[in-house]
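The values are calculated or read from the model by the stated rules, or taken from the named source; none is laboratory data. Not measured: the values here are computed from a predicted model. All Cβ positions, even for glycine, are placed from backbone atoms using ideal geometry, and neighbour counts span all protein chains on display. In case anyone asks, the SASA skips ligands and DNA or RNA and just uses the protein heavy atoms, side chains included. Shrake-Rupley method; radii C 1.70, N 1.55, O 1.52, S 1.80 Å.
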Amino acid sequence: MEVDEVVCLPRLSRVAVCGGTHGNELSGVYLVRELLKVKKGVMEKEEEQEEEEPLSVLKVLSNPRAMQQCRRYVDTDLNRCFTHIVSLSPSGLTSGTVPYEMIRSRELNAMLGPKGRSGAVDLVCDLHNTTANMGLCLIAYSDCDWICLHIFRHLQRKMPDIPMRYIHFEVSNKESYSLDSVGKHGFAMEIGPQPHGVARSTVYTAMKAGVQHMLDWVCFFNSGTLFEGESVDVFTMIKHIDYPRDSETRNITAAVHPHLQDRDFCPLHPEDPLFQTFSGETLRYKGNEPLYPFFINECAYYEKGIALSLARKRRNQL
């Protein structure tokens, strides 16, 4: 009889829970504010005090200026500032012409990193909201990170009533651009739908439960719990699709088709309705294969030229 090999991984001693990377995504903002009110609160287990090396949970409000103004960002998207963070010169970030978020990204890298170095925190969980109908998603740069995938599977078991997916952005560590890439392991916890600048109790509660279950799993892992191999569906992002636009003004000329709106992660087949022009014409998907749309009609992505993203789904064995 074959026996699976037991693999031992280093304990996760330092975990960062970050909110407000986008200042108008309020579930993470309010959750981290609550966590900061007490030194030892509901998100950390009293049993940890008895461990030889207790779990350290850093609670970080990532973009305080944007939070104060209830805006996604002040000068530029903070969650796109971490690609070349290790090569930034401190002297080059003191000028008044430098975007605030670039300066803040260096501060966060010093706090949680340095990115790509042994001193970085073990795990970063960055909290986000989306206006798209995506349920709870973990978004990561790896489709084989044992830690992130097992956390996802744990959340699936503990929160069976909430639609949950694991999204993989196939980007190298060198080119990774978001805050969660600073840690040795990391993911964004994205929950929606929720309008930006608005707090919804159901979404906040789901995020709070997700973070609690994530920290519980870390405690199980650190205690030496043996985890069995399982399989997980992984959605790997293939491409983005922009709205149809006027060639001269670049104004959009169509909206997401009603048959597609709010149907995140439902298969989109060739010739399915994709957009409806403002004159009433239906534009159809011209791809060669069925793919899975997500971030459908995300409010914050209009400026990025993204109407939706498309993913390919496969089963990943842990």
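So that you can scan it fast, the table gives a plain yes or no per residue for (1) closer than 23 Å to F152 by Cβ; (2) touching a Cys at 6+ places or on another chain (Cβ under 7 Å); (3) open to solvent by less than 80 Å² (accessible area, probe 1.4 Å); (4) small (G, A, S):
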| position | (1), (2), (3), (4) |
| --- | --- |
| V232 | yes, no, yes, no |
| P244 | no, no, yes, no |
| I252 | no, no, yes, no |
| H257 | no, no, yes, no |
| T277 | no, no, yes, no |
| K286 | no, no, no, no |
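Please identify the pairs in which a residue from region 225-240 that is in a loop (DSSP other than H, G, I, E, B) has its Cβ atom under 8 Å from the Cβ atom of a residue that is open to solvent by 50 Å² or more (accessible area, probe 1.4 Å), counting only partners at least 6 apart or on another chain.
Close Cβ pairs (under 8 Å, with a partner that is open to solvent by 50 Å² or more (accessible area, probe 1.4 Å)) amount to L226/V6; G229/D4; G229/Q317; E230/R153; E230/Q317.
I'd like to verify a number: residues in region 3-32 that are closer than 22 Å to I147 by Cα, open to solvent by 10 Å² or more (accessible area, probe 1.4 Å) and in a loop (DSSP other than H, G, I, E, B), how many?
Selection size over region 3-32: 10.
Residues in region 301-318 that are outside any strand (DSSP E or B) and surrounded by fewer than 21 Cβ atoms within 10 Å (Cβ to Cβ): how many?
Total satisfying the criteria: 7.
Could you tell me whether any residue of region 219-231 is of a type in the set (S, T, Y) and in contact with a strand residue (DSSP E or B) (Cβ under 7 Å, 6 or more places away or on another chain)?
yes
R263 fails exactly one of the following numbered conditions: (1) open to solvent by 60 Å² or more (accessible area, probe 1.4 Å); (2) farther than 30 Å from L318 by Cβ. What is the number of that condition?
The one condition R263 does not meet is (2).
Return only the number of the condition from (1) out of contact with any His (no Cβ under 7 Å at 6 or more places or on another chain); (2) within 19 Å of T253 (Cβ to Cβ); (3) in a strand (DSSP E or B) that S279 does not satisfy.
S279 satisfies all of (1) out of contact with any His (no Cβ under 7 Å at 6 or more places or on another chain); (2) within 19 Å of T253 (Cβ to Cβ); (3) in a strand (DSSP E or B) except (3).
List pairs: first in region 176-192 and part of a loop (DSSP other than H, G, I, E, B), second modelled with pLDDT under 95 and open to solvent by 10 Å² or more (accessible area, probe 1.4 Å), Cβ under 6 Å, 6+ apart or cross-chain?
Y177/T83
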